[in-house]
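Accompanying notes for the structure given below.
The values are calculated or read from the model by the stated rules, or taken from the named source; none is laboratory data. Remember, predicted model here, so these are calculated numbers, not experimental data. All Cβ positions, glycine included, derive from the backbone under ideal geometry; neighbour counts span all protein chains shown.
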Amino acid sequence: MHNNNNSNLWMIVYLFLGIFFALVSSHPLKTTDQQQQQHHIEPVNEEKQDRIQVDLFSQLLSTHWQFDHLDSIMSQSHKEIADHIQNHIEIDIQTSDQPSLASFELRQQDQQQQQQPLQRQQQQKIMMQRPSMMRMEHMEYDLLKSQMMNAIQARTQGLLPEMWDQAGEALGRPAIEGYVQQLLRTACPLHQEWVEMSCLDQHAMTLSSQLDAYVQNHLTAIWTLFQKDALPNLLQSTVKELEKVVDYFNDEAQDNHPRIIVHVLPWSTYNPSSIMDLSSLDDHSLFSNFITLAKI
């Protein structure tokens, strides 16, 4: 009886072991090498899929153009334009027709003959002081003329930024961002909101040159518009404002004081160096740097 129980127990053990080995053989365990190999596959695939976010790249590039180039170009051109307008305006001092010193002496001849010697000396001293007084008046008017020319300069430079904003919408940050995005979509296949970095690297030089041409063409168009209408109108409005000031001073001046005269020269065109030449910028290397910064 005891032998039968032992044999039954061993049969159960053998059966359990047989089931266990059958399960293990049907689901083999992965080795350490196999696990490492699987974990090594995904980074390789990710590296091959380097991407550039279109919105971020266009924002970086437009911000660079706005603050590093266009702002300085406009600021420099404001000074050049103001100088050019100022050169079209001349302010002169015209001596009014005054009674001559000889006429004054003739009218006072009878009285002078009756004056005492001391009185005659005092009169001669006054007459000698008149040229000095006239020189002083001319110095004051020269100072006034200088202040008026400085006011022309300040007024012109104050109005030009608004004129740029109205005429140069195509060179604002939103417009440049839109143009850069258009360039990227044309050159490289767009996957949702990104393009492949390898494609952008391949076309970087061409895209940078196209952006340079875009900016140069619009700067030329703005300056053509300025030359045709905006700046001649600005000159006319400046002269009108100046004439109001001149009329006020002439009205306040006494009859024997010099008068201020304003002369306006016809408008003449010119090409400012700050606008017409962008060849020295050479931003192609920076274009590649922004590609790296926009990588996702």
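Points worth noting:
- Candidate set: segment 132-142, residues that are within 17 Å of residue 250 (Cα to Cα) and either modelled with pLDDT of 55 or more or loosely packed, with under 15 Cβ neighbours inside 10 Å (or both); chosen: the one farthest from the chain's Cα centre (by Cα): 137
- Residue list for segment 238-270, restricted to those being among the polar types (S, T, N, Q), surrounded by 12 or more Cβ atoms within 10 Å (Cβ to Cβ) and without any contact (Cβ under 8 Å) to a residue 24 or more places away in the chain: 250
- Filtered residue count, segment 221-257, keeping only those that are part of a loop (DSSP other than H, G, I, E, B) and hydrophobic (A, V, I, L, M, F, W, C): 1
- Selection from segment 47-71 of residues that are without any contact (Cβ under 8 Å) to a residue 24 or more places away in the chain and either closer than 27 Å to residue 227 by Cα or crowded, with 19+ Cβ neighbours inside 10 Å (or both): 67, 68, 71
- Matching residues, segment 143-157, being of a type in the set (D, E, K, R) and either loosely packed, with under 15 Cβ neighbours inside 10 Å or closer than 20 Å to residue 231 by Cβ (or both): 155
- Positions within segment 173-201 being under 24 Å from the mean Cα position of the chain (by Cα) and hydroxyl-bearing (Ser, Thr, Tyr), in sequence order: 179
- Taken as a whole, segment 208-220 holds no residue that is in contact with a Ser or Thr (Cβ under 8 Å, 6 or more places away or on another chain) and assigned to a helix (DSSP H, G or I).
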